[in-house]
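Data block below; observations after.
The values are calculated or read from the model by the stated rules, or taken from the named source; none is laboratory data. Since we're looking at a predicted model, the values are computed, not measured. Note: ideal-geometry Cβ built from the backbone for every residue, glycine included; neighbour counts use all protein chains shown.
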Amino acid sequence: MHLLDADEQQANLGIGAGGALSLTDYFQPYDYQNMDGGDEDFGAGGIALLDTGTFKGTGVSRMAVTAGKNGKIYILNADNLGGYRLGPGQTDGIIQTIVTNKAVFGGSGSYPLEGGYIYSTPVGYPTYAYKLGFTGSGVPQFNPAGQSRENSAGRVGVGIPTITTNQGRAGTAILWMTVSLDLSSSCHVSIVICPCRSCLMLIIMQESCFLMHNGSCCAWH
């Protein structure tokens, strides 16, 4: 496939002499033409490379996750993206497809500790967590693990889930999200889910910062 013919794809590009780009590997959903007709852009969710120390399995040493407006999360082998219709019955030749029926306009987040998780925030819905597991033959497979109580804004502008910890200690992970709320034309909001999983901290940033905390929290005193 020529690079100029690429459409609705995740692509791996090689850099040749003089900086020339060439297509070395790609993944294109088997139903991309239907996606085109339904305004379900594949690239709306970007792509994230996952930590190779955790996210791997039989036949897979590097993994990637991508999503878009078509309500699917695609788990890819970063060393063999899957091409076009190379799976069983000319379906997608990838590790896993998670069907959510919810459009994503921001990238996926990941957390490599405590077994490994990925996070996705569809527009107007909660942030969903998926835990890494394996088939009987050791192939990586993600399973639903939970979701936030709060929904993201029902408009484009949801940020990428980002996870931090206290020096990598189990049980200290905090998931950070940025959403767009119609409080003013220049307002940005960060939603923080605290380690106790039972309260929410909302930071609204404009000309100054305000902090709202809905309930007492064991971790923020």
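Evaluate the following for residue 30: is it farther than 27 Å from residue 163 by Cα, in contact with a Ser or Thr (Cβ under 7 Å, 6 or more places away or on another chain) and touching a residue at least 24 places away in the same chain (Cβ under 8 Å)? So residue 30 fits the description; yes.
Within region 35-59, the set of residues being modelled with pLDDT under 90 and either surrounded by 12 or more Cβ atoms within 10 Å (Cβ to Cβ) or of a type in the set (Lys, Arg) (or both) comprises 35, 36, 40, 41, 42, 43, 44, 45, 46.
Among the residues of region 123-133, is there at least one that is in contact with a helix residue (DSSP H, G or I) (Cβ under 9 Å, 6 or more places away or on another chain) and either of a type in the set (A, V, I, L, M) or at pLDDT below 95 (or both)? No, every residue in region 123-133 fails to be in contact with a helix residue (DSSP H, G or I) (Cβ under 9 Å, 6 or more places away or on another chain) and either of a type in the set (A, V, I, L, M) or at pLDDT below 95 (or both). Of the listed requirements (1) buried (at least 22 other Cβ atoms within 10 Å of the Cβ); (2) closer than 23 Å to residue 149 by Cα, residue 116 misses just one: (1). Residue count for region 159-177 under the criterion of being touching a Phe, Trp or Tyr at 6+ places or on another chain (Cβ under 6 Å) and either within 21 Å of residue 58 (Cα to Cα) or of a type in the set (Val, Ile, Thr) (or both): the result is 2. Every condition in (1) in contact with a Phe, Trp or Tyr (Cβ under 7 Å, 6 or more places away or on another chain); (2) modelled with pLDDT of 95 or more; (3) crowded, with 22+ Cβ neighbours inside 10 Å is met by residue 98 except one, and the failing one is (3). Residue 73 - would you say it is buried (at least 21 other Cβ atoms within 10 Å of the Cβ), touching a helix residue (DSSP H, G or I) at 6+ places or on another chain (Cβ under 9 Å) and under 19 Å from residue 55 (Cβ atoms)? It is true that residue 73 is buried (at least 21 other Cβ atoms within 10 Å of the Cβ), touching a helix residue (DSSP H, G or I) at 6+ places or on another chain (Cβ under 9 Å) and under 19 Å from residue 55 (Cβ atoms).
Residue-wise test of (1) hydroxyl-bearing (Ser, Thr, Tyr); (2) not in a loop (DSSP other than H, G, I, E, B).
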{"site": "69", "(1), (2)": "no, no"}
{"site": "119", "(1), (2)": "yes, yes"}
{"site": "129", "(1), (2)": "no, yes"}
{"site": "136", "(1), (2)": "no, no"}
{"site": "153", "(1), (2)": "no, no"}
{"site": "160", "(1), (2)": "no, no"}
{"site": "169", "(1), (2)": "no, no"}
{"site": "176", "(1), (2)": "no, yes"}
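Residues in region 16-63 that are in contact with a Phe, Trp or Tyr (Cβ under 6 Å, 6 or more places away or on another chain), under 16 Å from residue 96 (Cα atoms) and of a type in the set (Gly, Ala, Ser): 57 only.
Taking (1) in a loop (DSSP other than H, G, I, E, B); (2) at pLDDT below 90 in turn, residue 93 satisfies each apart from (2).
Looking at region 34-69 only, could you name the residues that are among the polar types (S, T, N, Q) and within 17 Å of residue 11 (Cα to Cα)?
66
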